[in-house]
1. Could you list, in sequence order, the residues of the range A:153-192 that are of a type outside the set (D, E, K, R), over 20 Å from B:Thr41 (Cβ atoms) and within 20 Å of the chain's Cα centre (by Cα)?
2. Identify all residues within the range C:267-298 that are facing chain B (nearest Cβ under 8 Å) and among the aromatic types (Phe, Trp, Tyr); write none if there are none.
3. C:Arg83 - would you say it is modelled with pLDDT of 85 or more and basic (Lys, Arg)?
4. Considering the range C:182-211 alone, what residues qualify as being part of a strand (DSSP E or B), within 21 Å of C:Ile68 (Cβ to Cβ) and touching a Phe, Trp or Tyr at 6+ places or on another chain (Cβ under 9 Å)?
5. Scan the range C:45-56 and tell me whether some residue there is surrounded by fewer than 24 Cβ atoms within 10 Å (Cβ to Cβ), modelled with pLDDT of 85 or more and under 19 Å from the mean Cα position of the chain (by Cα).
6. Taking only the range A:156-199 into account, find how many residues are among the small types (Gly, Ala, Ser) and away from every other protein chain (no Cβ under 11 Å).
7. Scan the range A:90-99 and tell me whether some residue there is modelled with pLDDT of 65 or more, under 16 Å from C:Pro93 (Cα atoms), at the interface with chain C (Cβ under 10 Å from one of its Cβ atoms) and surrounded by 19 or more Cβ atoms within 10 Å (Cβ to Cβ).
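The values are calculated or read from the model by the stated rules, or taken from the named source; none is laboratory data. Nothing here was measured: the structure is a model prediction, and the numbers come from that model. Cβ coordinates were reconstructed from backbone atoms using ideal geometry, including for glycine residues, and neighbour counts include every protein chain displayed.
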Amino acid sequence: MSEDLPATPQDSDAVLVQRTVAGDQRAYGLLVLKYQRRIQRLIGRMVRDVDLVEDICQETFIRAYRALHQFRGDAQFYTWLYRIAVNTAKKFLLEMKNDPTVSEGFLANDDDDETSWKKNEPIADDGPESILAAKEIAAVVNAAMDDLPADLRQAVVLREIEGLSYEEIAAAMNCPVGTVRSRIFRAREAISARVRPLLDKQTGKRW
Amino acid sequence: MEQMNLVPNECICDLVDGQLISADCAQAFDALLSDRRAMQTWHAYHVVGDVLRSSELAPSGSDLAFLERLERRLADEPVRPVVIQDNRVPVITGLASANASVFRWKMLAGLAGFALVGAVGLNLWTPTGLQGDAQIAVQGTVVAPAPKSLVAAETAAGTMLRDERLDELMAAHRQLGGHSALQVPAGFLRNATYEGAAR
Amino acid sequence: MLLVVCGVTAQGSAMAQPVVNETPLNAWLLRVHQAARQSVYTGTFVVSSSAGMASARIWHVCDGAQQIERVESLSGIPRAIFRHNDQVVTFFPQSKIAVAEVRESLGLFPDLLKSSDSSIGDFYQLKALGNERIAGFESEVFWLQPKDMMRFGYRVWSEKKTGLIIQLQTLDLKGKVLEQSAFSELQLGAVVNVAKLTRSGNTDGYRVVRPDLQKTTADAQGWTLQKPVDGFKPMGCYQRPPIAPQQGGQGSAQNTMQWVFSDGVATVSLFVEAFDGRRHTREGSADMGGATHTLMRRLDNWWVTAVGEVPLATLSAFALALERKK
């Protein structure tokens, strides 16, 4: 089955949502693999117990799955998922505390800035091994970036950090779109080659 | 050296960015979904992107194990009713338990909680959606060509056509409908939980 | 942290009687009505029907005559409703809009009972169904049974000590549940930080919108009911301003009149606007699930929409009785 897939990231989320609603749960897996780390970080800011963070995260994705048929493609999937995560976490917190005091205000998390979280919020403490594993992965990514040729590094920075489209990157780097695509691919390959062994170690076995 | 992927990594790369350049990649989603190894690549590329944006997003445990656990739970989820376009609306009567104190809407798949959407004309139910003690009487209405202000919306019951003007009037009705003993807190809260759609 | 406790009314203590088949209806209605106003509670509220489910968190405190309430949606468009007596503000954080309005209908119920031609008992009767534990509270279950086919029945779970309604089912003419509203969890007499709750009504950072609702009379608008609908009394008439078209909708070019009726338990609104052939194309009813029904009808150069938690026959009666004054 061939489809014309649109060029913006939002729309590829929408395609995955559509496929899930049409009955393909595996498509949902791709969305989970894409967003779980952001959701875990979000919940980790609200909840201290790391096991609970994992449970709430699972619950969030279950609830989102159940409500997926209502997701209208005109909004960002992540925004919608975000709200479900916040509500799920609050519900868990209320149940646990059984404390009728007023919630922190349901506006509190709406201006979460992902790339630069300014406040000093406590983050769920995984325990030394997990923290070490995460730090290792971050270190490896940074090292791999340093080792990249400048043009590959620039292309992947413009894409991943600045969020530019291929066309915009082509204009910024004064090269054809095909070259942009190739550079981003080679950059990702180089970095993930170094990260994969660490990811595999976390999983424990070939998945 | 890894075995050759069913899906070239270049295509996965394109999918990560929502780009589809070549005809080969048009089938990439299908292939990606049936290839666990390709999904690992998808995962790795996204980890790279996340970590570049913030080191806090580096996974501290196995993301793939998380997904596996989730998939086991999703396998238990009920299959969502299939939407069938049917202009005939069935009138279904059943047995109401006179002392029913717990009322369950069994056709709703879970307690995610979702916006109540008004619908005009088409109530779409499938027989598989109605079970057990939660039998529902459905009123048939005449279906006429849809006026312009109808919007298709997804609800648990399937696709419903939603009349925005009617939503506005219903909200207005609820706003001023507090003249009843039963309206507080049930009525006011009921109104409050429904509101918002028409604004 | 403030502990706010509101005294149980004399009505409340008078109701501590053994369960009987027929309870004085008006006293019972007043009790459940007052309980909601004068108790302090917090909980999660869920409304469910064939059309779907919606839920919210609620905090309610009172201090003698003053009430403060906050309702936060847990489903649908994110919104929070803050109420101080009859001043209501609805916050929409996504658009940073706050809609401020006065809902004078709240609190009118006792006046309804006091009026000399109050006749709720002609149209409803109360039957006690026994006791049941629900959401962690001992409650008495009642059946508010309509005496005719013009209104719905209700099954009511009322908390024993205060009378607060914990669960409410709206029953259609066959006794089937159309809609259920209930606390899925509830803390009565909760300890609530009133100062913090009050502060949550602050509109800083929001664009405040005040919908322009003019109080008027049906008479002044040129309308009358040629024949009243059994049990329903007019509660008020309002004029709503024209609505700008939104997102594919067409809005309305003219004012819309809203004429509100109640039988003490159910409410009906009659909306009348100028007929517009492009928008007003479907007469008849629309079933959206739940207890609220609608009926649309053209009346000469006007378009009438009747909305209410009543059977269709009742909406029909209203729509047919409405006529232009001569």
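1. A:Val157, A:Leu158, A:Ile161, A:Gly163, A:Leu164, A:Ser165, listed by residue number.
2. C:Phe271
3. yes
4. C:Phe183, C:Leu186, C:Gln187, C:Leu188 - these are the residues of the range C:182-211 that are part of a strand (DSSP E or B), within 21 Å of C:Ile68 (Cβ to Cβ) and touching a Phe, Trp or Tyr at 6+ places or on another chain (Cβ under 9 Å).
5. No - not one qualifying residue is present in the range C:45-56.
6. Qualifying residue count for the region: 3.
7. First pass over the range A:90-99, keeping only residues modelled with pLDDT of 65 or more: A:90-96.
Narrowing further to those that are under 16 Å from C:Pro93 (Cα atoms): none.
Within the range A:90-99, none of the residues are modelled with pLDDT of 65 or more, under 16 Å from C:Pro93 (Cα atoms), at the interface with chain C (Cβ under 10 Å from one of its Cβ atoms) and surrounded by 19 or more Cβ atoms within 10 Å (Cβ to Cβ).
Rundown of residues vs (1) within 20 Å of the chain's Cα centre (by Cα); (2) part of a strand (DSSP E or B); (3) closer than 22 Å to C:Gly289 by Cα, yes/no style:
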| residue | (1), (2), (3) |
| --- | --- |
| C:Glu138 | no, yes, no |
| C:Met150 | yes, no, yes |
| C:Val156 | yes, yes, yes |
| C:Gly163 | yes, no, no |
| C:Leu168 | yes, yes, yes |
